[in-house]
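Remarks on the structure that follows.
The values are calculated or read from the model by the stated rules, or taken from the named source; none is laboratory data. Please read these numbers as outputs of a predicted model, since none were measured by experiment. Surface areas here come from the heavy atoms of the whole protein model, side chains and all, with no ligands, DNA or RNA. Shrake-Rupley method; radii C 1.70, N 1.55, O 1.52, S 1.80 Å.
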Amino acid sequence: MSAPTPETVTSSDSARASLEALRTEIGKAVVGQDPAVTGLVVALLCKGHVLLEGVPGVAKTLLVRTLATALELDTKRVQFTPDLMPSDVTGSLVYDTRSAEFSFQPGPVFTNLLLADEINRTPPKTQSSLLEAMEERQVTVDGTPRPLPEPFLVAATQNPVEYEGTYPLPEAQLDRFLLKLTVPLPSREDEISVLTRHAQGFDPRDLKAAGVRPVAGPAELTAARKAVAKVAVSAEIAGYVVDICRATRESPSLALGVSPRGATALLSTARAWAWLTGRDYVTPDDVKALALPTLRHRVQLRPEAEMEGVTSDSVLNSILAHVPVPR
């Protein structure tokens, strides 16, 4: 493998610095939640989608809107409700009386960053309308495929499944999300900071007034993706990822383990994390750092384990503690 040129190194370092600045910029509107910010950046680098789970009022929507502003990306929001139809998301053919022809009216999915708010409040039929968009980066209406803009990322928020009026996402759709990020309640100090900002006039609907400005754009994102694609993966690391995923299929607490697609996703996110931390090779610690958000939604607990209070995260942590780490 040839040595990187000075121009390549400079471009890679510049892109990394721009993406690192996102954390500071988003911090002007969102207090704490650094893991969620990092997860969203990793998903953008891997061309993946993110599922954000948390109770109402923990700034999930604000986080996505601020990210879009700081990256200078076009964003649209869809509030998922029980009566939302698939065409309300993807678009539909509309009859034009002037031309006496049907023309395609694009839906909100035609954007760079789609905020699917409370995705689990709509029935599975409408949830599934996003499957083609998420996987193929296109929408087919009346037999005609229509490509989506690039970059394209779905950031879906959902309330915990035990909340009233929610529909669990189908396994096929869950597997399309690269990461599932939990957005916890803030600490006492962070909550005091939130209240202080609001007392000083902070308006979450006016991000420009909060000082949020673009610090990166599609060009930096493209350069970053090219750099991530060059991050080296040893045979030992590939074997480590496979061993973790195979261990989930053998766990007595799990009815469904991680598929080969999940193993590929874990390797991708580990490479992105390695690059963000300034390395051009993946270590076991990179794999461990992204294992929970990448795999927690790809496993399914057995009913008896769930009744005993076992969680997906606890099973995965146990597996990470027991799978031999390559040296």
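Look at the Cα gyration tensor of region 122-203: its axes a ≥ b ≥ c give a/c of at least 1.5 with a/b over b/c, and that counts as prolate. Once neighbouring chains are kept in place and the probe is 1.4 Å, which whole percent of the accessible area of the chain is contributed by carbon and sulfur? Exposed carbon and sulfur together represent 54 percent of the surface. Taking a straight Cα-Cα cut-off under 20 Å and skipping sequence neighbours fewer than 8 places away in the same chain, the lysines within cross-link reach of LYS28 are LYS60, LYS208. With coordinates expressed along the principal axes, the C-alpha atoms belonging to the chain extend over 69, 54, 49 Å, beginning with the largest. Filter LYS125/LYS226; LYS125/LYS288; LYS125/LYS230; LYS47/LYS125 down to the pairs with a C-alpha to C-alpha distance above 29 Å, please. Listed pairs above 29 Å: LYS125/LYS226; LYS125/LYS288; LYS125/LYS230. Rolling a 1.4 Å probe across the protein heavy atoms gives the chain an accessible surface of 49 Å² per residue.
So what's the gap between the Cα centers of region 260-318 and region 69-104, to the nearest angstrom? Between the Cα centres of region 260-318 and region 69-104 lies a distance of 35 Å.
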